[in-house]
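Colleague: Have a look at the structure that comes next, please.
Readers should treat all values here as calculations from the given coordinates under stated rules, not as data from a laboratory. All of these numbers come straight from a predicted model, not from anything done at the bench. Cβ: placed from backbone, ideal geometry, glycine included. Neighbour counts: every protein chain shown.
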Amino acid sequence: MMASYVNIFKLVCFVAVACMVVGAPKGSEAAISCGQVVRYLTPCVSYVANGGSVPATCCSGIKTLYSLARTTADRQGVCSCIKQAVSGVPYTPYNLNLAAGLPKKCGVNIPYKISPSTDCKSVK
């Protein structure tokens, strides 16, 4: 069961990439670590694993990561970190759909489909 939660967490991290690659405001440079991504997205794991209501702390984390990813380098770096984390993780369509719906449920508008095939180098 714990391995399942680890895989779901990796899927949730992938959603964070999608949230951050959208044209977040540019400004002072902020280095975003993989540790920060983990910390902000941990509250989302139960929702992606089981459905139900999205915890407010999950949406808060997604919004915070979105606001921190200010530069192209930030967004590409976070994307690369997440892509590495989710490589080889099997997800069910159910979990992927829940994860893909998180940005909308949290009020973060992204103009493209969330997909594990996101090309981090094309992230602007």
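Colleague: Based on the Cβ-Cβ distance from Ala31 to Asn97, what FRET efficiency comes out when R0 is 22 Å, to the nearest 0.05?
Modeller: Step by step, r from the Cβ atoms, then E = 0.10.
Colleague: Average projected area of the Cα convex hull of region 27-69, in nm²?
Modeller: For the Cα atoms of region 27-69, the hull's average projected area reads 3.0 nm².
Colleague: If Lys and Arg each add +1 and Asp and Glu each add -1, what is the summed charge of the other residues whose beta carbon sits under 14 Å from the beta carbon of Val108?
Modeller: Summing Lys/Arg as +1 and Asp/Glu as -1 gives +4.
Colleague: If packing is taken as the mean number of other Cβ atoms within 10 Å per residue, what is the order of 47-54, 35-42, highest first?
Modeller: So the peptides 47-54, 35-42, ranked by packing, come out 35-42, 47-54.
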